[in-house]
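No value in this document is a laboratory result; all are computed from the given coordinates. The structure displayed is predicted, hence computed values, not measured ones. Counting neighbours? That spans all protein chains shown, and the Cβs are built from the backbone with ideal geometry, glycine included.
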Amino acid sequence: MKFIIKTNLLILLTCVFGCSPLPKKISQYFPLHKGDIYHYHGNYKNKKYNDYLLVRSFTLSNRQNLFYFQKGTTKQSNTLFGNNMFGNGLYFINGNQLWTLEALSDFEFYKLDYNKIQKLLHEDLSEGNKITFMSNYNNSKDTIEILPFEDINVPAGNFTDCLKLKITTIWNKGDIDESYVWLAKNIGVIKWIKSTGRIDELVEYQPKH
């Protein structure tokens, strides 16, 4: 009995003074749940915008589920979605890493090449980590850098310990743009300052379940 008590006390003291926090998982900050709805307010050059994004998915022949963000709250076909989220249009998580596959619309589903997937975020969300991916449609190279986690206030509420990303885009002609994205745990993107100057902020998140 004394041995058990001493052992438990040692474990407790070790955790109080020496335990490192549990590693953050990209699946927590970029959840992909079919049927979830995101409502954003956009502000650009004194103009206001209301956007709703519906998470949809489809399955490749290799049984890999891919997710995309369609504008609107009901299922639609023949719709463009490539620029509705940072990345290349289609997303999935595997091995605690976020992957992207390039597509602008559902017209392209039949010709997708799974071998062209690119890593968007890896499992280590430590400050300063970077990853680069290419966009053939935009003729650009994007580098995502992880910045210090921040607390953010948007119309949907106050969110603590948000993942902040800096996205640097180098265009084919040499121009460079920067944008910033904040992702809240168990929700996803809550704020996006785009290189154009447009600012999108989350108003409401409606999980399907």
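Table for the structure above
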item: Residue within region 105-121 that is touching a residue at least 40 places away in the same chain (Cβ under 8 Å) and within 16 Å of the chain's Cα centre (by Cα) present; result: yes
item: Scope region 31-59; condition within 30 Å of N94 (Cβ to Cβ), assigned to a strand (DSSP E or B) and out of contact with any helix residue (DSSP H, G or I) (no Cβ under 8 Å at 6 or more places or on another chain); matching residues; result: I37, Y38, H39, Y40, D51, Y52, L53, L54, V55, R56, S57, T59
item: Matching option when the condition is in a strand (DSSP E or B), within 14 Å of the chain's Cα centre (by Cα) and farther than 30 Å from S61 by Cβ, among L163, L98, L125; result: L163
item: Enumeration of residues in region 167-186 that are touching a Phe, Trp or Tyr at 6+ places or on another chain (Cβ under 8 Å) and either closer than 14 Å to M85 by Cα or free of Cβ contacts under 8 Å to residues at least 12 places away in the same chain (or both); result: I167, S179, Y180, V181, W182, L183
